[in-house]
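These notes concern the structure reproduced below.
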Amino acid sequence: MIILKHVTTDNRLNKLNTISENDENDSIQKALCDVANHQDKKAFEILFKHFSPKIRAFGLQRFRQEAQALELVQETMLLVWRKATLFNAEKGKATTWIYTIMRNHCFDMLRKKMTQKEDQVSDDLWPMLEDEEVIEEDHLLSRNLIAHINSLPKPQRDVVEALYIKELSQPEVASLLKIPLGTVKSRLRLALSKLKTTLEVDHD
Amino acid sequence: MIKHHPNEQLLAQYSSGELAFSLSIAISAHLEMCPQCQQKEQRIVAQQAEQAWDADNVEEANFDDMLQCILATPIEAPKTKTLHKKKANNSVSLEGKTYTLPTAFRSFEQLKWSGFGTINRARVINDEQDVRASLLHIKQGGEIPAHQHKGYELTLLLAGSFSDEHGTYQKGDFILLSGDVKHSPKTEQGCLCYTVQDAPLHFMSGMSKVLNPLGKFIY
């Protein structure tokens, strides 16, 4: 009987652990979105306290040197702070995104150690800290697309108008329309591809 | 249709950032052309992230100064778009054709091409010990004499097609040959490849022994 009891408790504990792991993932995701949307310092503090000891441990494993491990912590967390707006929840988890930022910086540091070169080639190998929409935006804007905006469904039109006519940033649009930043990005993508098709048809 | 892909182990080494730059370029460029491997790599990197963050024995640490210092840095306003505007990829023009190179080649802005018969070559990396990485262009109808490698030879086909004793290869194919394989690639329509090897090639068949210096030239 006693043994059986133990087993039940263990199972429950295991369940609890899985639940708390999911909670942890959710709270990290939320914190990163808060940093992206509102430059929320409290949210960044949560991320920083959670990840910095882990990044240091990872750095020590790779570099076997405290100074370089700390440089990795500093550079990774600084990028997370500055580039949070480029995180897209539709493309993957927040924890994976932060890992890839650390991995990229680690690659450049190792390369610098081996070749004394300071170029940041990781951006070319894993081009993740760039906004793909940007080129399309400029390109489309130059073709007087405002005339076509009215043909878009309302949710997409709202996003496009806020971005181009009110000239708000993507996080500003997210809080104005009370929708997640990822939704702003996806509506924008949909709208742009529709506009593109319309423009192409017009040209034919 | 891409038939030759990097194996799981190479993908894992690439996505953990532990693969040499020369080979990382090849994997990155292959992924850009191969949605199938892209998916694999996304799965691998998600697993690696979980492992990295789950690591045991993490020493608690307090970096309050660092935290304050980061928070004092201005966040990148999404309006300053130029900061993360996608840089354009490099392109090369050879024998009257222009090729856009994959993103992984963006840092090589000034490639120095030199020609020898139907072959044009530009060295890409020479700072990794004993490893040679080059872009190689073979004009239509061109071929490379039969050769064997001292170490592995990696060929990533960036444009066009070529064939050898083992088959025909298309754009995007990632062909890794070990040192004991002998081959003589030919191309009908011409091709552009990225090649990496860990030792100069050995030319073998009778006539081409005369051409042996070519081995050092090509790779």
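Read-outs: derived from the displayed coordinates by stated rules, not from any lab. Since this is a predicted model, take the numbers as computed values, not measurements. No Cβ is skipped: glycine too gets one built from the backbone with ideal geometry, and neighbour counts run over all protein chains shown.
So the values come out like this:
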item	result
Order of A:Asp108, B:Asp130, B:Asp56 - criterion: other Cβ atoms within 10 Å of each residue's Cβ, fewest first	B:Asp56, B:Asp130, A:Asp108
Trypsin sites (Lys or Arg not before Pro) within segment B:10-119: DSSP coil, no more than 16 neighbouring Cβ in 10 Å	B:Lys79, B:Lys86, B:Lys87, B:Lys112
Neighbouring partner chain Cβ atoms per residue of A:76-82, average, 10 Å criterion	4
Around B:Leu111: net Lys/Arg minus Asp/Glu count, Cβ-Cβ under 13 Å	+3
Ordering of A:181-188, B:158-165 by burial proxy (mean other Cβ atoms within 10 Å per residue, highest first)	A:181-188, B:158-165
Links that overshoot a 20 Å alpha carbon limit, given the list A:Lys93/A:Lys194; B:Lys150/B:Lys182; A:Lys112/B:Lys112; A:Lys185/B:Lys40; A:Lys54/A:Lys93; B:Lys3/B:Lys186	A:Lys93/A:Lys194; A:Lys112/B:Lys112; A:Lys185/B:Lys40
Residue mean of other protein chain beta carbons inside 10 Å, A:116-128	5
Residues A:Ile55, B:Ile119, sorted so that the one with the fewest Cβ neighbours within 10 Å comes first	B:Ile119, A:Ile55
Förster radius 41 Å - calculated FRET efficiency between B:Glu59 and A:Lys178 (Cβ-Cβ, nearest 0.05)	0.50
Shielding score for B:12-19, defined as the mean number of other chain Cβ atoms within 10 Å	4
Cα→Cβ-extended label distance, 7 Å offset, between A:Glu21 and B:Leu71, nm	3.2 nm
Chain lengthening between B:Lys97 and B:Phe116 when straightened (0.36 nm per residue, less Cα-Cα)	5.1 nm
Alpha-carbon centroid distance for the pair segment A:33-67 / segment B:93-108, whole angstrom	37 Å
Spin-label proximity, B:Ser163 to segment B:109-141 - amide N less than 19 Å from point 7 Å beyond Cα toward beta carbon	B:138-141
Loop GluC sites (Glu not before Pro), segment A:32-78, which have at most 16 other Cβ atoms in a 10 Å radius of their Cβ (DSSP)	none
Ranking of A:Trp97, A:Trp81 by count of other Cβ atoms within 10 Å, fewest first	A:Trp81, A:Trp97
